[in-house]
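The values are calculated or read from the model by the stated rules, or taken from the named source; none is laboratory data. If you're wondering where the values come from, they're calculated on a predicted model, not measured in any experiment. Neighbour counts run over all protein chains shown; Cβ positions are idealised from the backbone, glycine included. Note: accessible area is taken over every heavy atom of the protein model, side chains too, but ligands, DNA and RNA are not part of it. Shrake-Rupley method; radii C 1.70, N 1.55, O 1.52, S 1.80 Å.
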Amino acid sequence: MKRRTFLRSSAALAALPLVRTAPGAAFALSGAPLHVNGARLNAWLAKFDSIGRTPTGINRVAYSEADLAGRAFTLGLFREAGLDPRIDTAGNIVGRLEGTDRSLKPILIGSHVDSVTDGGNFDGPVGSFGAIEVARSLKEQNVRLRHPLDVVVWSNEEGGTVGSRCAIGHVTPADLDKVARSGKTIREGIGIVGGNVAKLSDAVRQKGDLACYMELHIEQGGLLEKAGLQIGVVEGIVGLRWFEITVTGFANHAGTTPMDQRQDAMLAAAKFTVAVNEAVRNVPGRTVATVGRVVVSPNTTNVIPGQVVFTVDLRDLDAAKIAHFTQRFEQLGREIGAATKTTFDIKQSVDTDPAISNPQVMAWIDGAAAALGFSRQRMPSGAGHDAQEMSRIAPMAMIFVPSVGGISHSPKEFTKPADVVNGADVLLNAVVAADRA
Ligand SMILES: [Zn+2]
């Protein structure tokens, strides 16, 4: 029997023995895989490119006029797909494709449509429109799922995954008072996009409320392109730790202080910067660490720097590695401080746990990509996503498609139309696989 034929009948489907393998093993789709309407999906993306387009890039920052226009366009796509969208109290757009079994938890798919300042048209919209297209294709092709399929477009992802954090109840009153890039507070912004901060708890989904969450997204890096691969199966979103380090030496005359009598905070910071790079490179793995901001004082040509404040950004999928390097940096601070007669004060300013993908959801994605004949690899995400918030309450995994040149958060951001379609096809078949589990 052809796959599509038996999927037409949910009763027949329910009666069929499930094709299941051991948990974590690849799910093999029987029969021909399904396909989205790729031309339609790319036409939506092309149209969307004009919304918030400025000479310096796409500017659809959350709660701006362009964001509202982008959301209106997106709501139109939900309606055209027959998804009857609603806006939850956090300002997220949600539409449902009903399943045949009301006792089952929904499968949730989606992404975001807001952008950074001077960004591109693919970070967010690919996964948002891809999810809408998946739901529309299922409907048009008369594929009835057992689970309800919820399509979500999260609000204000680029301002700190605000919509998805609201959805797991991780937003504090202080967060709501923060000013977004549009100049409005998050509290105001949620109201502007149709949410209701007074009833924010209505948007919260509890652990166990969802069957799973899947998000299609552009890679935003160059690993897939470099490897010549079509699909990334995301193993998780890296944990992030930021350090603010203050080195204190002694500011003194650059002409009269001999080289062996200096307490040069800049020299100590420079040694530390090199040592951080070497420490990370000497341990096999995918840890990244960056000294990105340096403030020197007095920052004068003829004075030995008395104080340097600088930052380190540390990321890894493995929490143990983050803990290891935190200790290593503290040790380096003591050693370099002693050698340079300076003191290191190391404070952590940001600390986010890694969000690990669910092996079974990864297997559905991997199996879908295999059935479609796509080359692929498992890989971490170095950038943050709404999926990291969903991982706290639901089995989660993500699908990456290549970014040309590895460029993102830039007007040069581009993903080839064929790759957009590949990603949406993987999402479609992974949803079907999840539904049958
Ligand atoms: Zn994004």
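Exposed loop sites are taken as trypsin sites (Lys or Arg not before Pro) in a DSSP loop (any state but H, G, I, E or B) with at most 11 other beta carbon atoms within 10 Å; the longest stretch of the chain without one runs 208-437. To the nearest ten degrees, helix 65-80 and the longest principal axis of the Cα atoms of the chain are 20 degrees apart.
The Rg/Rh ratio for segment 397-437 is 1.12, where Rg is the radius of gyration of the alpha carbons and Rh is the Kirkwood radius.
Between the helical axis of 265-281 and the dominant principal axis of the chain, each derived from Cα atoms, what acute angle in degrees is found, rounded to the nearest 10? Between the helix axis and the principal axis of the chain, the angle is about 40 degrees.
Overall form of segment 256-300: oblate. Here a/c, set by the Cα gyration tensor axes a ≥ b ≥ c, is 1.5 or more, and a/b is not larger than b/c. For segment 347-437, a Kirkwood radius taken over Cα pairs fed into Stokes-Einstein (10 °C, viscosity 1.306 mPa s) yields D = 108 µm²/s. Stick to the Cα atoms of segment 29-131, pair each with every other, and give me the Kirkwood hydrodynamic radius in Å at one decimal. For segment 29-131, the Kirkwood estimate is 15.0 Å.
Helix 38-48 and the longest principal axis of the Cα set of the chain meet at an angle near 50°.
Protein heavy-atom accessible surface, 1.4 Å probe, per residue over the chain: 42 Å². With a 1.4 Å probe and all protein chains left in place, how much of the accessible area of the chain comes from carbon and sulfur atoms, in whole percent? Solvent-exposed carbon and sulfur of the chain make up 53 percent of the total. So if the hydrodynamic radius of segment 226-350 is defined as the Kirkwood radius over C-alpha pairs, what does Stokes-Einstein give as its diffusion coefficient at 20 °C and 1.002 mPa s, in µm² per second? Rounded to a whole number, D works out at 135 µm²/s. The helix-only estimate of mean residue ellipticity at 222 nm for the chain, built from DSSP H runs of length n ≥ 4 each weighted as -39500 (n - 2.57), is -11000 deg cm²/dmol after division by the residue total. When the Cα convex hull of segment 170-215 is projected onto planes of every orientation, the mean area is 4.4 nm². Normalised by residue count, segment 100-231 yields a Cα convex hull volume of 144 Å³ per residue. Using only Cα coordinates, the Kirkwood hydrodynamic radius of the chain works out to 23.3 Å.
When the listed pairs Lys321/Lys347; Lys47/Lys412; Lys105/Lys184; Lys139/Lys226; Lys321/Lys412; Lys47/Lys207 are checked against a 27 Å cut-off, the alpha-carbon distance exceeds it for Lys105/Lys184; Lys139/Lys226; Lys321/Lys412; Lys47/Lys207.
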